[in-house]
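Asker: Okay, handing you the structure first.
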Amino acid sequence: MELDSLYQEVILDHYKKPHHKGLPTGEIQVHHVNPNCGDEITLSLAIRDGKVEDLVWDGVGCSISQASASIMSELVSGKSVADAQIALQEFTEMMQSKGKYQGKEEILEDAVALAGVSKFPARVKCALLGWMAFKDAAIQNGAEL
Amino acid sequence: MELDSLYQEVILDHYKKPHHKGLPTGEIQVHHVNPNCGDEITLSLAIRDGKVEDLVWDGVGCSISQASASIMSELVSGKSVADAQIALQEFTEMMQSKGKYQGKEEILEDAVALAGVSKFPARVKCALLGWMAFKDAAIQNGAEL
Amino acid sequence: MKSTLDVVAIKSDFPIFDVPMRGGKRLVFLDSGATSQKPIQVMDAERNFYSTQNAAVHRGSYYLAEIASEAYEGARESVAKFLQVKSEEIIFTKSATESLNLLAVSFERSSGRLGIKAGDEIVVSELEHHANLLPWQQLAKRTGAVLKWFEMNADGSLDLSRIDEVITSKCKVVAVTHQSNVLGSAPDIAPIIAAAHVVGAIFVLDGCQSVPHQPVDIKGLDIDFLTFSGHKALGPTGIGVLWGRSELLEQMEPFLYGGSMIETVTMTNATWAPSPKRFEAGVPNMAQAVGLAAALDYLSAVGLSNIHSWEMQLTEYALKGLQEIDGVSVVGPQGLANRGGVISFVIDKLHPHDVGQVMDQYGVAVRTGHHCAWPLIRKLGLTGTTRASFYLYNDLADVDVLLESVLGARDYFRKR
Amino acid sequence: MKSTLDVVAIKSDFPIFDVPMRGGKRLVFLDSGATSQKPIQVMDAERNFYSTQNAAVHRGSYYLAEIASEAYEGARESVAKFLQVKSEEIIFTKSATESLNLLAVSFERSSGRLGIKAGDEIVVSELEHHANLLPWQQLAKRTGAVLKWFEMNADGSLDLSRIDEVITSKCKVVAVTHQSNVLGSAPDIAPIIAAAHVVGAIFVLDGCQSVPHQPVDIKGLDIDFLTFSGHKALGPTGIGVLWGRSELLEQMEPFLYGGSMIETVTMTNATWAPSPKRFEAGVPNMAQAVGLAAALDYLSAVGLSNIHSWEMQLTEYALKGLQEIDGVSVVGPQGLANRGGVISFVIDKLHPHDVGQVMDQYGVAVRTGHHCAWPLIRKLGLTGTTRASFYLYNDLADVDVLLESVLGARDYFRKR
Ligand SMILES: Cc1ncc(COP(=O)(O)O)c(C=O)c1O
Ligand SMILES: Cc1ncc(COP(=O)(O)O)c(C=O)c1O
C-alpha cells in the first residue's frame, strides 16, 4: 500500500516517542507555523565550538511534522554546523524530488524514512517544518547557513 | 439601410440646428453626464402656473444626444407638467422597447423619429440624456414627476 | 431512503467524476464546503460567451459590445432573480472574500450611518471564517473602532445570552455567518438581526455556506448585505456576489477605482457612477458572471429545497454512521436541528492531516485542519478537524465510502 | 508586405471570427486595446481544469487538491517564465485595476520606504488610464500626499523638461503607463525610472498595453512593479497579474484579508503569510490563472517580437491610409516611432459615437469616446476619439475594411 511508504515504522515510532521534545529554554526561541494546517513548532538551540547543542523543540501537528522534527533533532544534535547544513540540504533536496530521490542514508540516517513524503506535495511542508525552524534558529544563533 | 432608421432626417436637422440651446440662466441648473462616452448636458427651466417655461440647455455629445435634447426641449416647452410627464413616459417606454414600440406621434411629435435608437442599446443612454436632465430639473423646480 | 433528486443524472453532468483518483479509486468528493465541482452547463456557458459574445462591456457601441453587455447584464438579472432582489443591487466581485473587504473598506471611507470611526463598535462571532473576521478586525485596528463578538457554544450555536452587551448603541456593523463552514451549525441570526436594527446598525450576512445549498429569503431575513462565492455554487472561480440594499449602496464610497465606475474625472478630482457600476471598476469578470448565471439556473432547475432536503438526508445518514464508530467524535451539532450538510469530526487522538491522508487512499476528498476558522478551532480546544461536506451530486454510496475510510483511518493507526 | 506570422492559422483558433455581425458582415475586430479575443486553447485549458483538476488549492491534502495546487502554481511559474522573473514575485489579482488599487492601498497601510503619508509626493502622467490615475489620486486625498504629474505633448509623448520639479526628494511612488491606451504612444520612461530611483521612489509600470503585444524586459527596465490584465492578452476575464520585487513585496501590508493569506489568527490579532500568498486571500481564480498560462504559451509560441512587428506593419498601413483621407485627423503620434498598434483619429467635426455607429455597419468594432482616459482627451481639446487597435489576429484586409468604413462614415454624414 502506497500509504506504508509514507507512514514508515520509524516515523510512527518517532511520532509516538519524540526525541528532544520538551520546553525550549534557549534565549532565542523560534516559532514556526504551517498556516495551511495549523501545525506549530517552537525550537531553541545553542551553537558551541561550531557544534549544534541543547536542541529542544515543542509543537503540535501531524505525525509527519512531529516525527520529522524528532528525527531532525536527533540527527543534527552534536553535529558540526557544517555537517548539519549538509543534512539540511540533502533533506530539502529529497523533499522536493516528488518521490524521485531517496536521499543518502549516510547523511540522513533515519530521515531517509521520510523519502515517501515527497510523493505527497501537501505533506512536504509538514516534513520541512522542524527543519526550517532549525535553520532559522541556527542562523539566529550566528551560524552561516 | 438600418442606419437610416437611426439617423432620420429630423434628427440630423435638430443636430445641426438645435432648438432651445444656449446658456442656461435659471437658478437651478442640472448637469448630467453619460460617463461611457463623455456626453454632457446642462439644463435649466422654470415652472410657472404648472407649465414648463424658459427651458434652455447646453451640451456636447453625439448627434443622437444633441438632437434628442433639442427635440425634447421643443416638445415640453410651454406644456403643462402633466403633459410633459406623459411625453417623458412615452419616450422612455419607446426607448426601452428594443425597436418594438414606435411611440405615439400625437404625444411625441418629432421624437418618434428617435424610435430607431432603441434598436441600438449603446445609444439609448444618449437619447435619454436630455430627457433625464429635464426630469431632474423639473423635480428640483418642485414638479412631481 | 429515497432521493428527492436524480443524483445519477446530476452526477453525469460533472465530468470530474470520471477522473480516477490515487490507486484508480473513484472520486468521493466531500469538500464542496471549500469549492464545488462544475457541471458542463457552466463550462459551456463560459465557452459560449468567449466564442460568440466576447467584447468589453459598457464601452463600445459596436454590435459585439452590445451583445456582451446584454450577456453580462443578463447575468446580473439572473442572480437578482435567484436572490429575489433588484438587479441594480447585485455587485459582481471576484469572491466573497473581496465582497467582505469591499464592505469594510467602503465603510472606512464613507461617512454618516455607514462610516466607521474611532469608538464605533463592530460585531462578529467566533464562528466566522477568516474572510468574515479579518476585514473587520483590521478595519477596527485601522480606525480605532472596537471589535466585539458573540461567543460560540460547544454545539456550534452562538451564546446570545448577553446580546444587549454585545450589540450596543455604539454598534455600527454586525457581520455573522449564515452557517459555519467548519461545523455546519446555523446560528440563530434572527435575534441578532433584530438587535442590530434596533440600534441602527448594518447587518451583513456571510451566505457562502447557505446560498448554494438552500433557499435564502433575503427580504424575510431583513438583512442589509449578503455575500456568497460563485465557485461554491457550481459556478466558475473568480466570481463572487455582493447584494446590498440600494439605498445603502448609493451612500457608499467606492472600493476599487478605475474605468467604468466614474461619472467625471480630472487629474485632481473624480465623481462616481451610481451603484452597481460604482463598485465594478475595470473590465469586469464577464465570462464568470455568465457562468455563474448558468450555475444558478442549474441549481434552480434542480430546486434549492430539493437540494437542501437531500443534503440533510445525507447528513443524517453520515452522522449516524460516524457516531456509531468507536473512537470517532462528531464536533458541533450532533443532530439535524439548526445545521446544514457539513460535518466535522475527530478520530482518537489522531491529527486530521493523518486521517485525511488515509481517507484519500479510498478516493475520499475531505478537508482537514482549521478550515480558515482558527479561532473557532481553538475555542474547541482542538488543532483541527476532518470535515465532510455534501452537495447535490453526492449519494448514499459516497457516505458509505466515507464511513469505510474513517474506519480505515482509525484502524491504520490503531494497528501500528 | 509579408506577414511575419501566419494570420490565417491564428484566426482559425478564434471561434468568434465565425460569428456574423449586424447585416451578416464579418467581424473586423479592432478593439483589442479594450479586450482581446480568446483562442480555443485558452477555453480548453479552463475546461480541462474544471473537468479534471478542480479543487480548492493549498487547502486539502487529498489527491485532487494536490493536482489543483500543481495546476495553479504551475500557472504562476508560466507567468514568471513569460516575464522572466521569479515565480514567488507573481501575484494573481482579478485585473490590472485590482493590481493598481492593491498597490495604492498597501502603500497606505505600510510604513517605511513604501508607506505613504501626508506631504509625500506621488507622480503619474496625463497619459494614464483611469485605473492608473484614480487609485493614486484618491490615495493622495486620503493621506494628504500630493499628486503630481507629467504633462502630455500633442504627439502623445510626455513633457520631461521639468523632470526634476516633478520628481523631487519627497516623491515616494511614480506610476506611469508603458503605452497610452488612447493614442498608442509609448512615453520615454527610462529617464523617469532613473529619476524615481535617484530619489528612492518606487516605480510602477502599467503594462496593460505593452505586455500582451511586445517583449517587455523587466530587468532591463529596472522597474519595481508591473501589472497587466489577462483578458487583454488572449486570457480569460477575471485575472490580472501583479509583479513586484520580492524584497518590496515582503515589506508590504496586505490588501484583501481572508483565508490562505495568514500565518496565525486569533479574534484580535493576525499575522501574514509571505508573498505571494499574503496578497491572494480566499479561494483564488484558479481556472483563470490556468487559462492565462495557456494564453501566454500561445503568445510565446507565436513570438512576441513577431507579434509586435506584425502589429507595426498593420499600423503603418492603417496610418498611411487614414492620413490620406480628407477630413480624417490622426490624433497623437503620426509616425511609427515610439508607438504601438493603437491609433486614435477624428473625422470632420463628427462625434466619435456617430462615427463608430456607421463603422459598425461594416462589421468594424472600434472603440469611441474617452477610453477611460478623460484627462488626456480634455488635454487634446476633444470630447473623444475613435480608436482602432490591432492584435495578432488582424490582417491587412481588416485595415482595408477599416479605411472603407471610415470613408463611409465621413460620407454618410457629409451627404446628409
Ligand atoms: C493602460 C491601461 N491601464 C489599465 C487598464 C485597466 O485594465 P482592466 O480594466 O483590465 O483592469 C487598461 C484597460 O482597460 C489600460 O488600457
Ligand atoms: C463561511 C465562509 N465565508 C467566506 C468564505 C470565503 O470564500 P472565498 O474564499 O470564495 O472568497 C468561505 C469559503 O472559503 C466560507 O466558507
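Asker: Give the residue, chosen from C:V146, C:V123, that is hydrophobic (A, V, I, L, M, F, W, C) and surrounded by 24 or more Cβ atoms within 10 Å (Cβ to Cβ).
Answerer: Only one candidate passes the filter, namely C:V123.
Asker: Say whether the condition of being within 12 Å of ligand 1 (Cβ to nearest atom), out of contact with any Phe, Trp or Tyr (no Cβ under 8 Å at 6 or more places or on another chain), more than 14 Å from chain C (Cβ to nearest Cβ) and closer than 27 Å to C:W272 by Cβ is met by at least one residue in the range D:125-139.
Answerer: Checked the range D:125-139: no residue is within 12 Å of ligand 1 (Cβ to nearest atom), out of contact with any Phe, Trp or Tyr (no Cβ under 8 Å at 6 or more places or on another chain), more than 14 Å from chain C (Cβ to nearest Cβ) and closer than 27 Å to C:W272 by Cβ.
Asker: Looking at C:S95, C:S87, C:S69, which is the one that is more than 16 Å from ligand 2 (Cβ to nearest atom) and in contact with a His (Cβ under 8 Å, 6 or more places away or on another chain)?
Answerer: Sole residue among the options that is more than 16 Å from ligand 2 (Cβ to nearest atom) and in contact with a His (Cβ under 8 Å, 6 or more places away or on another chain): C:S69.
Asker: Give me the residue from the range B:26-43 that is outside any strand (DSSP E or B) and away from every other protein chain (no Cβ under 13 Å) and, out of that set, surrounded by the fewest Cβ atoms within 10 Å (Cβ to Cβ).
Answerer: B:E27
Asker: Quick check: is even one residue across the range C:100-113 within 11 Å of ligand 2 (Cβ to nearest atom), more than 9 Å from every other protein chain (Cβ to nearest Cβ) and within 13 Å of C:V204 (Cβ to Cβ)?
Answerer: no
Asker: Residues of the range B:100-142 being free of Cβ contacts under 8 Å to residues at least 40 places away in the same chain and on the phi > 0 side of the Ramachandran plot, which ones?
Answerer: Scanning the range B:100-142 gives B:G103, B:E109.
This table checks each residue for (1) within 16 Å of ligand 1 (Cβ to nearest atom); (2) within 14 Å of another protein chain (Cβ to nearest Cβ).
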site	(1), (2)
D:S161	no, no
D:D164	no, no
D:A175	yes, yes
D:P187	yes, no
D:P191	no, no
D:V199	no, no
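Asker: Still on this structure, please answer the following. Taking C:G60 as the residue in question, decide whether it is more than 7 Å from every other protein chain (Cβ to nearest Cβ), within 27 Å of C:V241 (Cα to Cα) and in contact with a Lys or Arg (Cβ under 8 Å, 6 or more places away or on another chain).
Answerer: no
Asker: Just the residues that are in a loop (DSSP other than H, G, I, E, B), within 25 Å of the chain's Cα centre (by Cα) and surrounded by 14 or more Cβ atoms within 10 Å (Cβ to Cβ), please, taken from the range C:4-20.
Answerer: Result: C:T4, C:L5, C:D13, C:F14.
Asker: Could you grab the pairs with beta carbons closer than 7 Å, sequence gap of 6+ or different chains, first residue in the range D:202-223 and outside the structural domain of D:L103 (by TED's automatic domain parsing), second one outside any loop (DSSP other than H, G, I, E, B) and surrounded by 19 or more Cβ atoms within 10 Å (Cβ to Cβ)?
Answerer: Matching pairs, first to second residue: none at all.
Asker: Residues in the range D:70-77: is at least one surrounded by fewer than 24 Cβ atoms within 10 Å (Cβ to Cβ), in contact with a strand residue (DSSP E or B) (Cβ under 8 Å, 6 or more places away or on another chain), at pLDDT 95 or above and away from chain C (no Cβ under 13 Å)?
Answerer: yes
Asker: Looking at the range D:401-409, can you tell me whether even one residue there is in contact (Cβ under 8 Å) with a residue 24 or more places away in the chain, surrounded by 22 or more Cβ atoms within 10 Å (Cβ to Cβ) and within 26 Å of the chain's Cα centre (by Cα)?
Answerer: Yes, the conditions are met somewhere in the range D:401-409.
Asker: Given the criteria modelled with pLDDT under 95 and farther than 26 Å from D:N54 by Cα, does C:G115 qualify?
Answerer: Considered against the rule, which asks whether it is modelled with pLDDT under 95 and farther than 26 Å from D:N54 by Cα, C:G115 comes out as no.
Asker: Please verify whether the range C:36-47 includes one or more residues that are of a type in the set (A, V, I, L, M, F, W, C), within 9 Å of chain D (Cβ to nearest Cβ) and not in a helix (DSSP H, G or I).
Answerer: Taking every residue of the range C:36-47 in turn, none turns out to be of a type in the set (A, V, I, L, M, F, W, C), within 9 Å of chain D (Cβ to nearest Cβ) and not in a helix (DSSP H, G or I).
Asker: Hey, among A:E74, A:E53, A:E2, A:E90, which residue is without any contact (Cβ under 8 Å) to a residue 24 or more places away in the chain and either among the acidic types (D, E) or away from chain C (no Cβ under 14 Å) (or both)?
Answerer: A:E90
Asker: Taking the options D:R59, D:R26, name whichever one is modelled with pLDDT under 95 and away from ligand 1 (no atom under 16 Å from the Cβ).
Answerer: Only one candidate qualifies: D:R59.
Asker: Going by the structure shown, is A:Y15 closer than 22 Å to A:A84 by Cα and aromatic (F, W, Y)?
Answerer: yes
Asker: Return the residues of the range C:370-416 that are among the hydrophobic types (A, V, I, L, M, F, W, C), within 12 Å of another protein chain (Cβ to nearest Cβ), within 16 Å of ligand 2 (Cβ to nearest atom) and not in a helix (DSSP H, G or I); say none if nothing qualifies.
Answerer: Once the filter is applied, which keeps residues that are among the hydrophobic types (A, V, I, L, M, F, W, C), within 12 Å of another protein chain (Cβ to nearest Cβ), within 16 Å of ligand 2 (Cβ to nearest atom) and not in a helix (DSSP H, G or I), the range C:370-416 yields C:C372, C:A373, C:A388.
Asker: Select, from A:A127, A:A138, A:A46, the only residue that is in a strand (DSSP E or B) and aliphatic (A, V, I, L, M).
Answerer: A:A46
Asker: In the range C:159-177, is there at least one residue being within 13 Å of ligand 2 (Cβ to nearest atom), surrounded by 21 or more Cβ atoms within 10 Å (Cβ to Cβ) and farther than 19 Å from C:L100 by Cβ?
Answerer: no
Asker: Find the residue count for the range C:343-355, including only residues that are in contact (Cβ under 8 Å) with a residue 40 or more places away in the chain and within 14 Å of chain D (Cβ to nearest Cβ).
Answerer: 3
Asker: Restricting to the range C:285-300, name every residue that is within 7 Å of another protein chain (Cβ to nearest Cβ) and either among the basic types (K, R) or more than 16 Å from ligand 2 (Cβ to nearest atom) (or both).
Answerer: The answer is C:M286, C:A287.
Asker: Among the residues of the range C:178-204 satisfying the criterion of being part of a strand (DSSP E or B), within 16 Å of ligand 2 (Cβ to nearest atom) and of a type outside the set (G, A, S), which is surrounded by the most Cβ atoms within 10 Å (Cβ to Cβ)?
Answerer: C:V204
Asker: Also: Which of the following residues is among the small types (G, A, S) and farther than 28 Å from C:G381 by Cα: A:A133, A:A67, A:A46?
Answerer: The match here is A:A46.
Asker: Any chance the range C:72-83 includes a residue that's away from ligand 1 (no atom under 16 Å from the Cβ) and of a type in the set (F, W, Y)?
Answerer: Checked against the condition, which is being away from ligand 1 (no atom under 16 Å from the Cβ) and of a type in the set (F, W, Y), the range C:72-83 yields at least one hit.
Asker: Determine which member of the set D:G23, D:G33 is under 25 Å from C:S69 (Cα atoms), facing chain C (nearest Cβ under 10 Å) and over 23 Å from the mean Cα position of the chain (by Cα).
Answerer: So the residue among D:G23, D:G33 that is under 25 Å from C:S69 (Cα atoms), facing chain C (nearest Cβ under 10 Å) and over 23 Å from the mean Cα position of the chain (by Cα) is D:G23.
Asker: Mind telling me which of the residues C:G207, C:G238 ends up being at positive phi and either within 11 Å of ligand 2 (Cβ to nearest atom) or at pLDDT 95 or above (or both)?
Answerer: It is C:G238.
Asker: Kindly evaluate C:V330 against the criterion of being assigned to a strand (DSSP E or B) and either more than 14 Å from chain D (Cβ to nearest Cβ) or closer than 30 Å to D:T35 by Cβ (or both).
Answerer: yes
Asker: Wholly within the range D:206-324, which strands (runs of 3 or more DSSP E) include no fewer than the required count, namely at least 1 residues that are within 16 Å of ligand 1 (Cβ to nearest atom)?
Answerer: The strands (runs of 3 or more DSSP E) meeting that bar are D:225-229, D:240-244.
The values are calculated or read from the model by the stated rules, or taken from the named source; none is laboratory data. The structure presented is a predicted model; accordingly, all values stated were derived computationally and were not measured. Reconstructed Cβ throughout: ideal geometry from the backbone, glycine too, with neighbour counts over all protein chains shown.
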